[in-house]
Amino acid sequence: MSKALERLVNLALFLAEAKEPVSAASVRAEVAGYPPGQEEAAFLRMFERDKDDLRRMGFALEVDDDGRYRLDTSATYAATVDLTPPEVAAVRVAASALLCDPSFPYASDLRLALAKVAAASGRVSRTSALIADEAPEQQGRTVSILTSAIEARKTVDLSYENALGEKSERAVEPYGLFMHDGRWYLVARDVGKDALRTFAVGRILEARPNRVKPRTPDFEPPPGFDVSDHVSLPFQIGTQPPVEALVRFSPAAAWRAKSVSAGHGSLERNDDGSVDWRVAVVSLERFAAFVVENGPGLQVLSPPAAMEVLATGLKRAATAHA
Amino acid sequence: MPELGVRDLMAVLARLSPWCFYEIDEIARSIGVDVVQLREGLETLSTCGVAPYGPGDCLPLLVQGNRLYVTGELPGVNGPVRLSAPEARALAAALQSAGFSAEDNLTRRLLQAAATVTFDAKDLERTVRATTSGHSPDVFEALSQATATAAVVRILYTRAGATEMTEREIEPVALYAERGAWYVTAWCRRADDWRTFRVDRIASAGLTGERFEMRSTDWDAVGLSGPSERFTGARTATLRFRDPVAFSERDWPGASISGEDQDGSLLVEVPYGSPDWIARRVASRFGTVVVLAPQEVRAAVTALATATLAEVLPGAGTEPSTDLG
């Protein structure tokens, strides 16, 4: 690494110090590390790779019409940002917890980000994370592959095993990823079925992105695509048409409305401090269980069918323990 | 430990100040790289510079033992280089999972100042959601600050299944994320014992201004040897699952199957801390899961089902039915 490191650092310093745009020829003449007597074509390839490396590091290299290079300093260097001590602590806790989480897919980039924004010494809190608990390494690795494919808009061949244990091969256009209840999910168009599907990343046995023409996109995601539209609460999964339910959080429980609703449906505060939550429900049974599990302080006001399912269920639970 | 790369060294370089010295092992720890590799990398850095590469043209770095001395002005490096798009994505995703959305003040300010100009955290949110629990960012900030500085925090906490908020002073020692939720482990002055609190059940958290002395570093004794430890309650309940397929250890942490009933039901031992917690989970299974023992949990389920019935459906019959069981 040390030769390449020296050359890259020298190149970065040279560009940073240059008062005017510089040509490839002057880079070759001035920057230590390019082998003397190297053929022109070999030098250009090496210089090309070095420029890519610098750009990956965050150096904004511009090239003018004459093929000369300059560093856009305002786009390269971070502006100072004054974070309060609690904010710095929050960034460091979140980042250092996830750095060691095998199910967090962006750990290596996070490490570099942390080095850039918050590497100041100081006590590191005791912290850890395991955001996906089942096969965390597999989920982290697969999400990392899928993220690259989403960004480059490349199709992916999936070997997938469904909940019934049936294996299949599918070509998909990946649009988005989300984390829910400790599992990563992929939202993608199943090309063969011409339909949008949600895949549990833990069930993807293998993900093979199309490596042909890596810089040319294979598809465009649907306009306005937002992965959060595909995240469901447990009672929103199923094929029946949804009905709207109204749940009231008592004034004492109102502060939990935001976290319980998790961005689904709408919340409205009433004068007495209670909060009304209107939300789409597919499975009344699961909805009833959800209300009980997230109580106390939740009251179902409609639809009547949901109230009935809830009453029947609670009576059953009481009877079974009488 | 990951291989030290050029990017790490450039990131370190950008954060150094002239005429200062640094402990190399501290730098290594703060960015999670191997200290030996870092020392070698810094030695290599000290030979880099600009033409004609005389003594005054090289980076003014000197490595001696564990110390890195910066012996002059650093040429050409005007501070930290902006985060590349993948780095910004990683940071935004980490912040997301700690409860800070793209719209939150911290995320916005940090990424605007530090990330490459082409990065948009809102675009990221439309394709990647690493969001976990819905706690308040203010609470998370206060707890982070408190664990880093050994500061006492006053919290308003609602135990799972409880109606009343309780005010407690806690001495937080660790923050964990697991399966969609953050937890803080602390010495609770109210309970006079170690407790783990779910962060999304803390309505507010404020530093009292008091510092605390760490009561233990025996993390195994505190139950901090691994996040899952906290599920190991002192007591155990015996549950019967009418449908064996409905049981998953993931839903009942720490549970173990103890046998099978004659009718095919599954018997499971589940550790629990508070009867309210387990009673609520059992009640939400609407009779398909039944507590066989102990009696205190059976009674808690009945009480909870009856009370919930009255609360959720005012006016509905509260008498347990006999025809539905």
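Tabulated values for the structure
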{"quantity": "Length added when fully stretched, A:Arg197-A:Asp66, from 0.36 nm per residue minus Cα-Cα", "calculated": "42.3 nm"}
{"quantity": "Mean residue ellipticity (222 nm) of the protein assembly as shown, computed from DSSP H runs ≥ 4 via -39,500 (n - 2.57), nearest 500", "calculated": "-10500 deg cm²/dmol"}
{"quantity": "Flagged links, alpha-carbon separation over 30 Å, of A:Lys154/A:Lys258; A:Lys116/B:Lys122; A:Lys51/A:Lys116; A:Lys3/B:Lys122", "calculated": "A:Lys154/A:Lys258; A:Lys3/B:Lys122"}
{"quantity": "Test item: B:139-145 mean partner chain Cβ contacts at 10 Å", "calculated": "6"}
{"quantity": "Pairwise FRET efficiency - B:Arg211 versus A:Glu308, Cβ, R0 = 35 Å, nearest 0.05", "calculated": "0.05"}
{"quantity": "Among B:Val270, B:Thr308, B:Phe247 - extreme Cα towards positive end, dipole of region B:235-312, charges at beta-carbon", "calculated": "B:Thr308"}
{"quantity": "Residue of A:Ser23, A:Ser274, A:Ser148 that the Gaussian network model of chain A assigns the largest fluctuation, springs spanning Cα pairs under 10 Å", "calculated": "A:Ser23"}
{"quantity": "Spatial separation of Cα centroids for region B:42-76 and region A:51-68, in angstrom", "calculated": "24 Å"}
{"quantity": "Inter-label distance, nm, simple model (7 Å from Cα along the C-beta direction), A:Glu244/A:Ala4", "calculated": "5.8 nm"}
{"quantity": "Alpha-carbon centroid distance for the pair region A:1-43 / region B:175-208, whole angstrom", "calculated": "53 Å"}
{"quantity": "Rounded to the nearest 20 debye, dipole of region A:194-322 from Cβ charges on Lys, Arg, Asp, Glu", "calculated": "500 debye"}
{"quantity": "Charge tally in the Cβ shell below 13 Å around B:Pro294, where Lys, Arg are +1 and Asp, Glu are -1, B:Pro294 excluded", "calculated": "0"}
{"quantity": "Computed FRET value (nearest 0.05) for A:Leu205 with B:Leu267, which takes r as the C-beta separation and R₀ as 30 Å", "calculated": "0.30"}
{"quantity": "Dipole of the protein assembly as shown, positive end: most advanced residue of A:Met46, B:Leu62, A:Gly140 [Cβ charges, Cα centre]", "calculated": "A:Gly140"}
{"quantity": "Per-residue mean of C-beta atoms belonging to partner chains within 10 Å, peptide B:98-107", "calculated": "3"}
{"quantity": "Neighbouring partner chain Cβ atoms per residue of A:222-230, average, 10 Å criterion", "calculated": "2"}
{"quantity": "Acute angle (nearest 10 degrees) that the helix B:295-312 long axis makes with the longest principal axis of chain B, alpha-carbon atoms", "calculated": "90 degrees"}
{"quantity": "At R0 = 30 Å, FRET efficiency that the Cβ-Cβ distance of B:Lys122 and A:Ala280 yields, to 0.05", "calculated": "0.80"}
{"quantity": "Relative contact order (%) - region B:85-127, alpha-carbon pairs under 8 angstrom, separation at least six", "calculated": "46 percent"}
{"quantity": "About the Cα centre, charge dipole magnitude for chain A (Lys/Arg +1, Asp/Glu -1 at Cβ), debye", "calculated": "680 debye"}
{"quantity": "Prolate/oblate/rounded call for region A:235-320, Cα gyration tensor, a/c under 1.5 rounded", "calculated": "oblate"}
{"quantity": "DSSP loop GluC sites (Glu not before Pro) with at most 12 other Cβ within 10 Å excluded, longest remaining stretch of chain A", "calculated": "A:167-322"}
{"quantity": "Separation between Cα centres of region B:99-152 and region B:1-35, rounded to whole Å", "calculated": "24 Å"}
{"quantity": "Amide H contacts of A:Arg126 (H built 1.01 Å from N, under 5 Å, at least 5 apart or other chain)", "calculated": "B:Leu175"}
{"quantity": "Charge tally in the Cβ shell below 15 Å around B:Asp57, where Lys, Arg are +1 and Asp, Glu are -1, B:Asp57 excluded", "calculated": "-4"}
{"quantity": "In region A:1-89, trypsin sites (Lys or Arg not before Pro) in a DSSP loop with at most 14 other beta-carbon atoms within 10 Å", "calculated": "A:Lys19"}
{"quantity": "Nearest-20 debye value, the protein assembly as shown charge dipole, Cβ charges on Lys, Arg, Asp, Glu", "calculated": "280 debye"}
{"quantity": "Spin-label model distance (nm) - B:Asp57 vs B:Phe21, 7 Å beyond Cα toward Cβ", "calculated": "2.9 nm"}
{"quantity": "Extension gain from B:Arg108 to B:Arg235, taking 0.36 nm per residue of separation minus the Cα-Cα distance", "calculated": "41.1 nm"}
{"quantity": "Phi-based couplings in Hz for region A:280-290 (Karplus 6.51, -1.76, 1.60; Gly and Pro marked x)", "calculated": "7, 10, 9, 9, 5, 4, 5, 5, 4, 5, 4"}
{"quantity": "Per-peptide average of other Cβ atoms within 10 Å, ordering B:14-23, B:165-174 highest first", "calculated": "B:165-174, B:14-23"}
{"quantity": "Listed residue (A:Trp255, A:Pro223, A:Ala207) projecting farthest to the positive dipole end of region A:168-287, Cβ model", "calculated": "A:Ala207"}
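Read-outs throughout are calculated quantities, based only on the coordinates presented, and are distinct from any laboratory measurement. Note that the structure is a prediction, hence the values are computed from the model and not measured. All Cβ positions, even for glycine, are placed from backbone atoms using ideal geometry, and neighbour counts span all protein chains on display.
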